[in-house]
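The values are calculated or read from the model by the stated rules, or taken from the named source; none is laboratory data. Model, not experiment: these values are computed from the prediction. Cβ coordinates were reconstructed from backbone atoms using ideal geometry, including for glycine residues, and neighbour counts include every protein chain displayed. Just the protein is used for accessible areas: all its heavy atoms, side chains included, with ligands, DNA and RNA removed. Shrake-Rupley method; radii C 1.70, N 1.55, O 1.52, S 1.80 Å.
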Amino acid sequence: MASNPPKVAPGGSRYRDVELSPPGGENAGAAKSGDAVAVRYKVLKLGKRSYDGLSGEGTVVFSRGYGLEDDEAKAGDKTFDFTIGSPSVIEAFNDAVPGMTVGSTRRIAVLPQMGWRKTGKECDGGPGGSGAGGELKTDYVVVPTATMVAEEACFDKGKLPFPTAYAQQRRMAQRFDQSLIVEVTLVGIN
């Protein structure tokens, strides 16, 4: 992958094309804003050897269409269908899926603000942020004077794709405020 440098989508999402579909034929048309598309995806936690936020192996947080989840009998059994540009879909999908052709696979770096973190000053904490990062609560179990941020208050569970199983939702709740990788394969353009 080192010979294939990351590209930047118009909205700022970084991505790398992992597999391109063959030129010509039915795959000649590229997805564009407003198109209804079907994709398979894996949401991955960055691996230790991901030197650029897109490369290396990652741990699967949740997926659709790869046969990795309990509700899928085999790979290719299910897809995630959405319209590019829909406000209910994470911004990284709306930004980086346009330009893909059927059969191609793309790795997209999903920053928290382009993924499942709610927008607004109250959730814009951390380095360079202008907010507190979430509602503060006192934690009397660990240390009487410690405060911890209830970051789940900033977790936007309405953004799609979203995991269906409880275990996947818990994994996602622990990682929504981290940079993630989504590996997307475009299955169809409707």
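Brief remarks on what is shown
- Spin-label model, TYR166/THR59: points 7 Å from Cα along the beta carbon direction are separated by 2.1 nm.
- Surface accessible to a 1.4 Å probe, THR119 within the full protein complex, Å²: 110 Å²
- Solvent-accessible area of TYR15, all protein chains in place: 30 Å² (probe radius 1.4 Å, heavy atoms, ligands and nucleic acids excluded).
- Largest to smallest accessible area among GLU91, GLU122, GLU183, GLU57 [probe 1.4 Å]: GLU57, GLU122, GLU91, GLU183
- Anchor LYS78: lysines whose Cα lies under 26 Å away (excluding residues fewer than 8 positions away in-chain): LYS32, LYS42, LYS45, LYS157, LYS159
- GLY12 sits among other residues whose Cβ lies under 14 Å from its own Cβ, and their net charge, with Lys and Arg +1 and Asp and Glu -1, is 0.
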